[in-house]
Each structure stands twice: as structure tokens, then as C-alpha cells.
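Derivation of every value follows stated rules applied to the coordinates shown; laboratory data play no part. As the structure is a computational prediction, the values presented were derived from the model and not from experiment. As a convention, Cβ positions derive from the backbone with ideal geometry for all residues, glycine included, and neighbour counts pool all protein chains shown.
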Amino acid sequence: MVMGTAERSGAPADEGTTEVTAPVPGAPDRDIPVAGPATRASERQSVYRPLWSEEPARRRRLPDPVRTAAVRAVLVVAVTLILAMVAFLSTLAESWLAFPMVLASVAGTVVATWGVLDVWVTRQVWNQRHGVVSEPSSTARAMRRERRRARRQGRAAERGQERIGRRGGAGQLSHS
């Protein structure tokens, strides 16, 4: 489908610019202009079509310290699995490399266990400090309670100062 710009804008037909419309896959049932060589720059920019659509996340993002520990643990576990596979294959091949790889695999297993426990402990500490765990013994709950109490006292003190300032000279016994 070819439509001249003269037909749309009422300008003379000898301008030399044409607009070609083409169906776009996944778009609604309307034609979207495709910029040809004779199309003006302002006409090319007039159509906005988003590249992607936002979807709400299924789960909340992990906190930064927990995510860092998790990435570290995944890398250590991956290296340990590679070491174990090399140790197994070296043993099957009766290579001299088998014994050092078995020792490295055992050491890697210890480090990988530490890494996974690090993720668990970091997550528990973060939850306790930031109030995700709702238990009576939660440190975060007591801290929130103290902050609320301090804010309430601060607001009460400000209100008292405002009342004193509003009264001005009223209620004073002397003007000295």
C-alpha cells in the first residue's frame, strides 16, 4: 500500500516523498510506516513502538550481600564439579594426574560446602537485620520500635516548640 504525503497533508503531489506502510508481526491490526529513502526524518520518528513490555517479577530480588555470596558459591561449586570430573576421568585413564585431582576435589568440596553455608548464613543475617523475619526475638523489630519511639518524641517536641512560638507574648507575666 503506497500513499503519497500530498494526499495526507494537502500539499502538492510533486514533493517526491512517499510513505510505505507494512504490516508488523505481533502489532495490532494497523499499518506502521516504514521509513523509505524518500521519507523525512520527522516522519520516521513519529511512530513509537516499545522494544519490550515490562512484566512484574515473580519473586523479589535477592539483597546484594546474599546475591554476592550466592554467585561466589555457584562458581566454587562449578569448579569443584570440574575438578571431580577430571579426577574421575584421570583415574579411569590411570593417569598420574588422578591423585592430585582427587586431593583438589576433596579440598574443593570443603570450600564449596563453606560457600553454600556462607550463602545461608548471609541470608539469615540480612533477614534478621532488615526485619524480614517476624519473630519476637528479631533484632530488627526492636530497632524499628526504637526508631518509631524516637520519631514520635521528635514530633512531639516540634509541636511543643510551635505552640510556644505561636503564643508569642500571650501568657507571659512580664515583658522583660
Fill in the blank from the handout: In nm, the gap between the two label points placed 7 Å beyond Cα toward Cβ at Gln161 and Arg72 is 4.4
Exercise for the section: Convert each backbone phi in region 145-157 into a coupling constant with the Karplus relation 6.51 cos²θ - 1.76 cosθ + 1.60 (shift: θ = phi - 60°), then list the ³J(HN,Hα) values in order as whole Hz, x for Gly and Pro. Expected result: 4, 5, 5, 4, 4, 5, 5, 4, 5, x, 5, 5, 5
Exercise for the section: Calculate one ³J(HN,Hα) per residue across region 119-128 by plugging θ = phi - 60° into the Karplus curve 6.51 cos²θ - 1.76 cosθ + 1.60, and present them in order as whole Hz with x for glycine and proline. Expected result: 4, 4, 5, 4, 5, 5, 5, 4, 4, 5
Fill in the blank from the handout: Plugging the Cβ-Cβ distance of Ile82 and Arg61 into 1/(1 + (r/R0)^6) at R0 = 45 Å yields, to the nearest 0.05, a FRET efficiency of 0.95
